[in-house]
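Report on the following structure.
Where a number appears in this text, it was derived from the coordinates with a stated rule and is not lab data. Remember, predicted model here, so these are calculated numbers, not experimental data. Here the Cβ is made from the backbone with ideal geometry for all residues, glycine too, and neighbour counts use every protein chain on show.
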Amino acid sequence: MEVEISVAGPADREEFLEMWGQFLLEHEKIGDDLRASDRTLAYFGALFDAYTGGILGGLPLLARVGQDLVGVLLWGAPPPGPVDRLKEDRMTSWGTFTAPALRGHGVNRALRQRAVLELDAVGIEEVLGCVFVNNPEGCESGRAIGYVPISINAVLDIHTEAEALRQGVRGKKFYPRGLCPLCGRDEPK
Ligand SMILES: CC(C)(COP(=O)(O)OP(=O)(O)OC[C@H]1O[C@@H](n2cnc3c(N)ncnc32)[C@H](O)[C@@H]1OP(=O)(O)O)[C@@H](O)C(=O)NCCC(=O)NCCS
């Protein structure tokens, strides 16, 4: 299967966003708190415009087999915020998606490898992304291309914990010591 990767331009907007909508919907099911609404999609449409129009540095990529769009990737600078960062040129990996029927055939590897080469050519040193732990394909594909974890997002279920505290079934020693359930390392002695 011949996969062709290209950098998206303004004319690809509709096709790109149609597939990005599928990405958002699938992520909503995985557990992303980003609602796959028209408003959310419009935000990514604005990012796409900023990247393809050169207002922000960024890289929307398309993967095609023949004429068919089979995958997309969106990496780029986050919109400027009210804070200073040490890594001003670090890009955000907003996501990447392969059409379900074409998964497991190297589409995503081709997209990410092209993205790495494109960004290296313009001096970008890092992209920062996140993946849900209940998304094994997402985790595996990230690992396979070389992502290394640097932080852990963790959710605390306030209601469950508060209820347990009120009932006195959670104490300092409730959670067994040993390997850290978050980072997997041995706890400091
Ligand atoms: C994750 C996703 C992008 C992978 O796309 P894909 O085109 O099927 O991936 P590829 O065939 O290029 O595989 C790339 C690597 O991912 C891993 N991988 C992909 N699917 C896998 C699976 N079902 N089980 C285990 N590993 C898998 C493999 O390790 C592969 O590495 P290899 O090239 O050394 O064999 C695709 O499943 C998808 O679109 N998922 C929904 C959106 C998503 O989760 N995006 C990523 C998080 S932002």
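Here are some notes:
- Average silhouette area of the stretch 50-130, convex hull of alpha-carbon atoms, in square nanometres: 6.3 nm²
- Choice from 36, 77, 162 with maximal GNM fluctuation in the chain (Cα, 10 Å cutoff): 162
- Backbone N within the stretch 99-114 under 12 Å of label point (7 Å from residue 69 Cα along the Cβ vector): 99
- Neighbour-count ranking [beta-carbon atoms within 10 angstrom, fewest first] of 133, 116, 127: 133, 116, 127
- Selection of trypsin sites (Lys or Arg not before Pro), the stretch 1-101, meeting DSSP coil and at most 13 other Cβ within 10 Å: 35, 85, 87
- For the stretch 4-145, Kirkwood radius (reciprocal of mean inverse C-alpha pair distance, Å): 15.5 Å
- Stretched out straight at 0.36 nm per residue, the stretch from residue 143 to residue 1 would grow longer than its current Cα-Cα span by 48.8 nm.
- Longest exposed-site-free window of the chain, the sites being chymotrypsin sites (Phe, Trp or Tyr not before Pro) in a DSSP loop that have at most 14 other C-beta atoms within 10 Å: 1-131
- Net charge of Cβ neighbours under 13 Å - reference residue 149; Lys, Arg +1; Asp, Glu -1: +2
- Kirkwood Rh, Cα atoms: Rg over Rh of the stretch 107-189: 1.16
- Where GluC sites (Glu not before Pro) fall in DSSP loop in the stretch 1-48, at most 12 other Cβ within 10 Å: 2
- Within-15-Å neighbourhood charge of residue 89 [Cβ basis; K, R +1; D, E -1]: -3
- Net +/- balance of residues flanking residue 60 in space, Cβ distance below 14 Å, scoring K and R +1, D and E -1: -2
- The residue among 119, 92, 102 whose Cα reaches farthest toward the positive pole of the charge dipole of the stretch 91-155, with charges on the beta-carbon of Lys, Arg, Asp and Glu, is 102.
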